[in-house]
1. How much net charge surrounds Tyr110 when only other residues with a Cβ under 12 Å from its Cβ are counted (Lys, Arg +1; Asp, Glu -1)?
2. Any chance you could look up the accessible area of Ile100 with a 1.4 Å probe, heavy atoms only, rounded to 10 Å²?
3. State the extension gain, in nm to one decimal, for the chain segment bounded by Arg116 and Arg41, taking 0.36 nm per residue of separation less the distance between their alpha-carbons.
Amino acid sequence: LRKSGFAWQGRYTLPLATGVPLLAAAVVDSSLRIGTDALRRLLALAFSLLALAQIIALYWQLRRTTVGLDPSFSDPFAAFTDTKWVPPTGSIGVMLLGSIGAALLSVVLYRIAVQRLDNDSIQESVRT
């Protein structure tokens, strides 16, 4: 454990990370009717948190590959300054590209979700 670090991969919690939100969405959909504006805010919050989680995960992986498994977190910017390995675009380039990608993905997913929400609202109002 000391030489290779904590042995955990995302696939170990993937069923929990995907199953809980899906079950929660099913419960909310069947039992709670919330307004369109509240649902938009909830979607914005969810996709913002998704982008933030992706950026944090990218930073931790970048820190691990550039600095190593040093458990000392006294310098949070060690991934950018005191590196044993540097990616081709540099650590700042990786974080910048990754952050932009995560933000763009979240915006696209939010717009798709809102468009579907609007289409469902229009279809529901036509039916009644």
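1. +4
2. 80
3. Gain on extension, Arg116 to Arg41, equals 25.5 nm.
The values are calculated or read from the model by the stated rules, or taken from the named source; none is laboratory data. These numbers were taken from a predicted model, which means no experiment stands behind them. Cβ coordinates were reconstructed from backbone atoms using ideal geometry, including for glycine residues, and neighbour counts include every protein chain displayed. The protein model used for the area step is the full one, side chains on, heavy atoms only, and it has no ligands, DNA or RNA in it. Shrake-Rupley method; radii C 1.70, N 1.55, O 1.52, S 1.80 Å.
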